[in-house]
Every structure is written in structure tokens, then in C-alpha cells.
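Below is one structure, written out as C-alpha cells; comments come after it.
The values are calculated or read from the model by the stated rules, or taken from the named source; none is laboratory data. Quick caveat: nothing in here was measured; it's all calculated off a predicted structure. A quick note on method: Cβ atoms are made from the backbone with ideal geometry, for glycine too, and the neighbour counts reach across all protein chains shown.
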Amino acid sequence: MTGRRPAWIHPDFRLIEGEGLFGWPELAGLAVPTGGVVQADRPSRVLAALAAAEAAGQGLLLARGAADPDGWQPGQGFSVTLESSGTTGAPKRLCHDFDRLRGRLRGVAEEGARWLLTYDPGAFAGLQVMLTAAAAGSLLIALPGAVSGGGGIAGLAAAARRHAVTHVSGTPSFWRAFLMALGEAELPLRAVTLGGEAADQPLLDRLAERFPGARLRHIYASTEAGALFAVADGRAGFPAAWLDEAPDGLALRIADGVLEVRSPRAAPGIADAEGWLTTGDLVERQDDRVLFVGRLDGLVNVGGVKVSPEAVERRLLAVGGVADAAVSAVPSPITGHLLTATIVPAPDVDVEVLRAALRTATTDLPPAARPRALTFAHHIPLSAAGKKSRKGAA
């Protein structure tokens, strides 16, 4: 591909991808597949494909995994089709206008800003980070395929130290693993951002204490709804006052315990006749706050009782000495499913003392919500999207 640099790539933008260094001339020299379908496994490939599709006025499918069009047609004009992560089920494809995709990006240059890419480059969150760095003329550090697996996150921590990274955005699951991999090493972070999963209060507190000079935000967005809002007050959830007056042109409401949104940045054709889109996120209003408590499609049937593994997981994460936790459902011939928990202890924690504390922390839960087995591990495996897999819930 050759051509003029697009307006959304600042001339000072640089990408370090593994051992390679890319500016616009290097991106422009990359070969881009014809037909509008690209395997979105590397940020350099994704950025080059975006520029080529825009120049050609053609639709683009960012395929996560094998680049199989599976009947996809590019349509008329430049647009970007994304595939959701499929954390709790089959992935979905959503088509976004490029301007809508970049709707909340500020593109404000910060001198010396160095971003670490922790998300899949074909994911909505990954694109937000890449496009933000590109527009601002920042340096972007990427290790393709590093997130899935604990060893990869150790590599990201090493890269963050080596390049003195200043801006990191990742899922809460990523941040727990990243903190363990980072240890006591210094990192000059100016911005700490969480997204992709609900941010729990213990993690927000740990990050605020670990990086006191950094701006701390958690962002709520999805492939379907686009970028919605950011919370920067250091508290989990979002202000209940936003149900009456939400920021950034949004409208929010709770229907049968599920958050619904009306957003100018949502993918077209997915909202109801009045513009409302159900997010599938279960929420609870507690005093001046709305807290996320799980996913509607993640509820598990345990002996006829619907249980949220995420809600139980947050209970375990709040126990002192727990660095990370994952609650999963396993089949049971008697109750349909049972919950089990995998725990990553913090360094130098007595496992038997921690086991007793975890049991105590769940005694007031309904019997169906109490994990029947506790397993201790060194890390929790993550998907390429930086999330714990929830597939198999029913």
C-alpha cells in the first residue's frame, strides 16, 4: 500500500511492534489484503488496512482469529466491521462508521506520551488505544499475542519498564496480572485506564495507591454501543445522577435490573425504535451509585437458582491476600451446575489462612452461590481480549 498519510495519523506517531519500528512510511509500505478483510492480529496490519480502506472508500472487516469473510460483504463507502470478543457466547459482527468509531477520542498530544497496547488490536478497545496514540503523535508499544497467558503479561511488564511507558489501558483482569508481574518496579505512569470488565473497588484502590501520580479512569464501552462514558472519581460503578442526566450526549436507564443506553455512537440498526439498546449488564442502585453486578447472559442455573459468577468473584477479590480470582461453572448431574473458584494468592500469603478467609467471606451467600471447590494457581489465563472466559454459563 502506498498513498497520502491520513489525517488521523499524526506525523510524529511511532509504533514499536516487537522488534519492528513503524512510522507512516513503514505502514504505507505494508501489503494489505484485497477484498476488505484483514486478520487483525497486529496493530501495524490493522492501521495499514484502515488507511487503505479509507483511501479506497471501501468497507473493512477486522477479523479476530482466522481472516475468514464467511459471507461478509463490504458494502458502499468506508466503514469498519468489528467482531465482539464472544466472552459469554458466539462473537457478533458490528459495522461502525469511522467517525462514530472515533467519537470520544480527543487526540490531544501529550509530550513524551508512551502507550502500551494490552488489548487485541482488532477489538473495539484496542482500536481506541491505537487511534488515540496515532492521532496524538505518541509512541505505541505492542507485543502481538502477549496478553493471553501469564507469561505474556510478564513480557508486557518488561516492555513497559524498558520503554518507560506512561499510559496503560487494560481490563481489570489484565491489571491484576500486570501488578503481579510488575512487582516493586518503578513505572512513570501518567494515565491508568480500565475497561472491558467491571472495575471493582479493591482494584481501583490498589491502583491509586500504586500509581498516585497517574490519572485513574474506568471506561464503559462495547463493540455494540461504542464508547459511552468514563468515570474518574476513583469509585466503582457510576454516579446514580447520570440516570437523570448522563454525559456526552447519552441517556441511561435501568430496566428489570439491566442497564440500557441511548448513544449517538452506537452501531447503526441495533437499538429499538426509540433508540434504546440493552447492554446485557446487570446493575444495582446503591445510594448515590450504580454498581455493575454481572452479565445477564452470564447467569448460571445452580439447582434452579440463577447465580452470577462475576458477583461471587468480586466477593472473593475483596478478601485480603487475594491477588486475583476466577469463578466458573462446571456441570453437575444433580444441580445442573456448580461454582468453582481459582485463586491467585498475593506474595507471601499463607494459603491455608487464605482458604479459611475465603470460606468465611462466602458464608452469608445463598448455598447456590458458594464455590464448592477452591483451587490455588499462579495466574488466571486470559483471552486475547484480556478477559476471563465466561463461556459455558447457562
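Scan region 203-255 for residues that are farther than 20 Å from L127 by Cα, crowded, with 18+ Cβ neighbours inside 10 Å and aromatic (F, W, Y) and the total you get is 2. Can you tell me which residues in region 255-314 are in a strand (DSSP E or B) and more than 30 Å from T360 (Cα to Cα)? Once the filter is applied, which keeps residues that are in a strand (DSSP E or B) and more than 30 Å from T360 (Cα to Cα), region 255-314 yields A255, L259, E260, V261, R262, L277, T278, T279, G280. Is it true that some residue in region 315-331 is more than 24 Å from T223 (Cα to Cα), free of Cβ contacts under 8 Å to residues at least 24 places away in the same chain and not charged (D, E, K, R)? There is at least one residue in region 315-331 that is more than 24 Å from T223 (Cα to Cα), free of Cβ contacts under 8 Å to residues at least 24 places away in the same chain and not charged (D, E, K, R).
Taking the listed residues E54, E83, E19, the one that is closer than 30 Å to G112 by Cα, acidic (D, E) and at pLDDT below 90 is E19, with no other qualifying. Scanning region 330-348 for residues being out of contact with any Pro (no Cβ under 7 Å at 6 or more places or on another chain) and assigned to a strand (DSSP E or B) gives a total of 9. Take D200 and decide whether it is surrounded by fewer than 16 Cβ atoms within 10 Å (Cβ to Cβ) and either of a type in the set (K, R) or over 26 Å from E19 (Cβ atoms) (or both). For D200, the condition - surrounded by fewer than 16 Cβ atoms within 10 Å (Cβ to Cβ) and either of a type in the set (K, R) or over 26 Å from E19 (Cβ atoms) (or both) - is not met.
Which one of A227, A246, A221 is in contact (Cβ under 8 Å) with a residue 12 or more places away in the chain, of a type outside the set (D, E, K, R) and part of a loop (DSSP other than H, G, I, E, B)?
Values: A227 fails: part of a loop (DSSP other than H, G, I, E, B); A221 fails: part of a loop (DSSP other than H, G, I, E, B).
The conditions single out A246.
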